[in-house]
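Participant: One structure is given below, represented as structure tokens, and several questions about it will come after.
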Amino acid sequence: HLFRLRRSHAFVELNRKHFSRLRRSRAFVSRICNHINQSLVSIHAPMADVFSQIYIHIVFSPKHREALIQPEWEDRLHRYITGIVQDKGHKMLAIGGMPDHIHIFIGQKPAEAISDLVREVKKRSNDFIKTEHLSPFAFDWQNGYGVFSHSRTQIDAVCKYIINQKEHHRRNTFREEF
């Protein structure tokens with residue numbers, strides 16, 4: 001029987017007799033690691049892509065927490081913000097909110113800082129609201145925002161929470177929750 005140890009594309013095979021003699025010695029680990037490392041020196045296969053699982057929940061509001069996001073154009077705003085997030089290479093998982101705040105839940109691309117993304121979303125969506133004359137009132141986003149990270153196991157719960165914002169805030173105010 002052969003035992004196969006794998007590290008990247010390098011394989012080391014030992015028969016059972018040699019393995020049982022060597023496994024008790026400290027030299028075994030050293031020999032195996034040296035052999036693998038020497039094998040890896042000749043392998044120059046580039047990494048195909050970056051693997052990440054970064055799930056970010058962002059919350060921000062119009063200036064002075066005014067209830068300016070109206071139901072008549074809320075969906076247009078959400079679609080526009082989704083387009084910004086996707087243009088930046090992130091994955092929109094959920095978007096929702098209330099007239100006085102918005103929630104965005106994304107799968108974040110690790111190459112961009114959250115602050116850069118939020119700044120771009122706010123700037124471009126603010127310009128969209130003004131250019132399309134969506135709000136009859138002066139509209140600006142407040143400077144700050146909340147940001148929270150979540151694990152992969154929490155994705156469904158966070159998405160449901162964001163999608164059901166209106167129902168949720170019938171029971172709890174934003175201030176109580178935040």
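The values are calculated or read from the model by the stated rules, or taken from the named source; none is laboratory data. None of the values given here were measured: they were computed from a predicted structure. All Cβ positions, even for glycine, are placed from backbone atoms using ideal geometry, and neighbour counts span all protein chains on display. These area figures cover heavy atoms from the full protein model, side chains too; ligands, DNA and RNA do not enter into them. Shrake-Rupley method; radii C 1.70, N 1.55, O 1.52, S 1.80 Å.
Participant: When the residues of segment 54-70 are narrowed to those that are part of a loop (DSSP other than H, G, I, E, B) and in contact with a strand residue (DSSP E or B) (Cβ under 8 Å, 6 or more places away or on another chain), which ends up nearest to His169 (Cα to Cα)?
Facilitator: Out of the qualifying residues, it is Ala67.
Participant: Moving on to the next point. Any chance you could count how many residues in segment 148-171 are open to solvent by less than 60 Å² (accessible area, probe 1.4 Å) and either of a type outside the set (Ser, Thr, Tyr) or at pLDDT below 75 (or both)?
Facilitator: Qualifying residue count, segment 148-171: 8.
Participant: Does Ala94 satisfy the condition of being open to solvent by 10 Å² or more (accessible area, probe 1.4 Å) and hydrophobic (A, V, I, L, M, F, W, C)?
Facilitator: no
Participant: Would you point out the residue of segment 109-139, among those that are among the aliphatic types (A, V, I, L, M) and over 19 Å from Tyr55 (Cα atoms), that is modelled with the lowest pLDDT?
Facilitator: Ala138
Participant: Can you confirm whether Ile81 is closer than 17 Å to Gly144 by Cα, crowded, with 16+ Cβ neighbours inside 10 Å and at pLDDT 95 or above?
Facilitator: No: the conditions fail for Ile81.
Participant: Among the strands (runs of 3 or more DSSP E) lying completely within segment 71-178, list those that include at least 2 residues that are more than 14 Å from the chain's Cα centre (by Cα).
Facilitator: 91-98, 101-107
Participant: Report every pair of residues separated by at least 6 positions or lying on different chains whose Cβ atoms are under 6 Å apart, first residue within segment 86-99 and under 15 Å from Arg76 (Cα atoms), second open to solvent by 40 Å² or more (accessible area, probe 1.4 Å) and among the hydrophobic types (A, V, I, L, M, F, W, C).
Facilitator: Ala94/Ile163; Gly96/Ile163; Pro99/Ala67
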